[in-house]
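Please read the structure below before turning to the comments.
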Amino acid sequence: MTLGVASVMPTQAAKIGDLLRSGTPRFSFEMFPPRTEKGEETLWRTVRALEGLGADYVSVTYGAGGRTRGKTVETTDRIISDTTLLTMAHCTAVDHSVAELRNLIGHFANVGVRNILALRGDPPGDPRAEWIEHPDGLKQARDLVELIKSSGDFSVGVAAFPEGHPRDVDWEAGVRHFVEKCRAGADFAITQIFFDPEDYLRFRDAVAAAGCDIPIVPGIMPVTNIKQIERFAVLTGMDFPAELAERLRAVEDDRDAIRDIGVEVATDMGRRLLAEGAPGLHFTTLNHSRSTRRVWQNLNGAGNPKALA
């Protein structure tokens, strides 16, 4: 890519922003770049399973401070070249210069990525640490949205925080900041995971009241590990309902029972959210698809039992 010249896509992949406005609920799945050979095998089993399931799109995360940048690019490239899955790449501004970001965006364009999730990103090591702007970088996620939109014909997504972002002074400020990101050129949004549908509905309605009609996709993660979800809640400030925690702790030595509860809760949430008009659901898989496939099949009322083997 020549600096200052918008990228031209080699293929005409679908735009996620358009898909989410089609009126048909869309189901998508988030994965992270593997760090080990075993992790690589697990990821590709999951990718193939989701391809067979007919996922509308998948996303590949980008580690804090870009620490998985190389693997993100490699994993995204391979999914695009070796599968039929529509693929979205995550891109974070933290600890990157504008030149580095332009280079990354250009690479994504060259391999056919048309959809990018633009994130300011968390500081490396501690998501709650002070956020320090790169001297030649960007300050806010909205700046990254503008950079990506000016770099080519991309559909750009942003993050949403139904319970409020831990760095915002209050919930209302979070809504204002979100709307600013959208007006910078975002086409859709995906929320951080949450457990109370009312939080999503309150946030969505507040955004609409502010004159912003962007599709906001709820982020859902079926619980499979109690300690893992508790740690995530501490790091992000997400509310982990006491009632759900109590149910899970009552069966903490039974992994299958934990998964069954996680699937049940995620299915109930998904049904409620779709009934309330959510444009789709985005599942955090942690590179394992069994629980998310069960939820997907529950919500779709069909499925091939062999796919769960």
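The values are calculated or read from the model by the stated rules, or taken from the named source; none is laboratory data. Only a predicted model underlies this, so the values are computations on that prediction, with no experimental measurement involved. We place every Cβ from the backbone using ideal geometry, glycine too, and count neighbours over all the protein chains shown. Each accessible area value is taken on the protein alone, full model and side chains, heavy atoms only, with ligands, DNA and RNA left out. Shrake-Rupley method; radii C 1.70, N 1.55, O 1.52, S 1.80 Å.
In the chain, helical runs assigned H by DSSP with n ≥ 4 each contribute -39500 (n - 2.57); averaged across all residues and rounded to the nearest 500, the mean residue ellipticity at 222 nm is -14000 deg cm²/dmol. Of all the options 22, 59, 150, the one that moves most in a Gaussian network model of the chain with Cα springs shorter than 10 angstrom is 22.
Ligands, DNA and RNA left out, the 1.4 Å accessible surface of the chain is 48% carbon and sulfur atoms. For residue 230 paired with residue 176, estimate the spin-label separation in nm (one decimal), with each label point 7 Å from Cα along the Cα-to-Cβ line. Placing both labels 7 Å along Cα→Cβ, they lie 3.8 nm apart.
Counting only heavy atoms of the protein chains and using a 1.4 Å probe, residue 258 has close to 10 Å² of accessible surface.
Electrostatic tally near residue 163: other residues with Cβ closer than 10 Å to its Cβ, Lys and Arg +1, Asp and Glu -1, net -2.
Highest mean first, the peptides 274-286, 213-225, 134-146 sorted by other C-beta atoms within 10 Å per residue fall in the order 213-225, 274-286, 134-146.
Against the longest principal axis of the chain, how steep is helix 69-82, in degrees 0 to 90 to the nearest 10, with axes from Cα atoms? The helix 69-82 is inclined about 80 degrees to the chain. Hey, which of these cross-link pairs are over 29 Å Cα-Cα: 71/149; 15/71; 15/139; 15/181; 38/181; 38/139? Listed pairs above 29 Å: 38/181; 38/139. Using only Cα atoms, find the angle between the long axis of helix 197-209 and the longest principal axis of the chain, and express it within 0 to 90 degrees, rounded to the nearest 10. Between helix and principal axis, roughly 30 degrees.
Computed from phi, the 3J(HN,Hα) profile of segment 258-265 under the Karplus parametrisation 6.51, -1.76, 1.60 (θ = phi - 60°) reads 4, 4, 4, 5, x, 5, 4, 5 Hz, with x in place of Gly and Pro.
Protein heavy-atom accessible surface, 1.4 Å probe, per residue over the chain: 46 Å².
With respect to the chain, whose longest principal axis is taken over its alpha-carbon atoms, helix 290-300 is tilted by about 80°.
Taking a sphere under 13 Å around the Cβ of residue 136 and counting the other residues whose Cβ falls inside, with K and R at +1 and D and E at -1, yields a net charge of -2. Given the choices (1) 131; (2) 160; (3) 144, volume of the Cα convex hull per residue in Å³ derived from the coordinates of this structure is entry (1). Taking N as the residue count of segment 157-225, its C-alpha radius of gyration divided by 2.2 N^0.38 Å amounts to 1.06.
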